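Q: I'd like to ask some things about the structure below.
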Amino acid sequence: MSKYTLEGIRIAAYNWVELPDMTPNERSLWQGLGYAYECFRAGYGKKTCGELADLYIRLFWKEEEHGRAGT
């Protein structure tokens, strides 16, 4: 079960600020979103990087729904 909201993780990822005591699943989402933001900062298109972020979010929710966080 998540300790943080998606928005909280998203903001932390944008700023590359690690949140304390993240679950393994939250940490994976944070890192993935951080990579998506770096994709955008590197000059790749907003659509491409947004699709990458959406993929990480879908994977996060899929893991949360199935209770496999951290596996």
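What follows draws every value from the coordinates through simple rules; no lab data is involved. All of these numbers come straight from a predicted model, not from anything done at the bench. Cβ sites come from the backbone with ideal geometry, for glycine too, and all protein chains shown count toward neighbours.
Q: Quick one: what are the phi-derived ³J(HN,Hα) couplings along segment 9-19, Karplus 6.51/-1.76/1.60 with θ = phi - 60°, whole Hz, x for glycine and proline?
A: Working through the residues one at a time gives 5, 4, 5, 4, 5, 4, 8, 6, 9, 6, 7 Hz.
Q: Here's a follow-up. Where in segment 1-44 are there chymotrypsin sites (Phe, Trp or Tyr not before Pro) that are in a DSSP coil and have at most 16 other Cβ atoms within 10 angstrom of their Cβ? Don't skip to the answer; put the middle values down first.
A: Working: sites: TYR4, TYR14, TRP16, TRP30, TYR35, TYR37, PHE40, TYR44; in loops: TYR4, TRP16, TYR44.
Sparse-neighbourhood loop chymotrypsin sites (Phe, Trp or Tyr not before Pro): TRP16, TYR44.
Q: If you don't mind, another one. Taking the chain as the reference, fit the longest principal axis to its C-alpha atoms, fit the long axis of helix 46-66 to the helix C-alpha atoms, and give the angle between the two in degrees, 0 to 90, nearest 10.
A: Compared with the principal axis, the helix lies near 10 degrees.
Q: On to the next question. When Rg and Dmax of the Cα atoms in Å is calculated directly from the model, which label among (i) 11.8, 36; (ii) 16.1, 54; (iii) 17.5, 52 fits?
A: After the calculation, the listed value that fits is (i).
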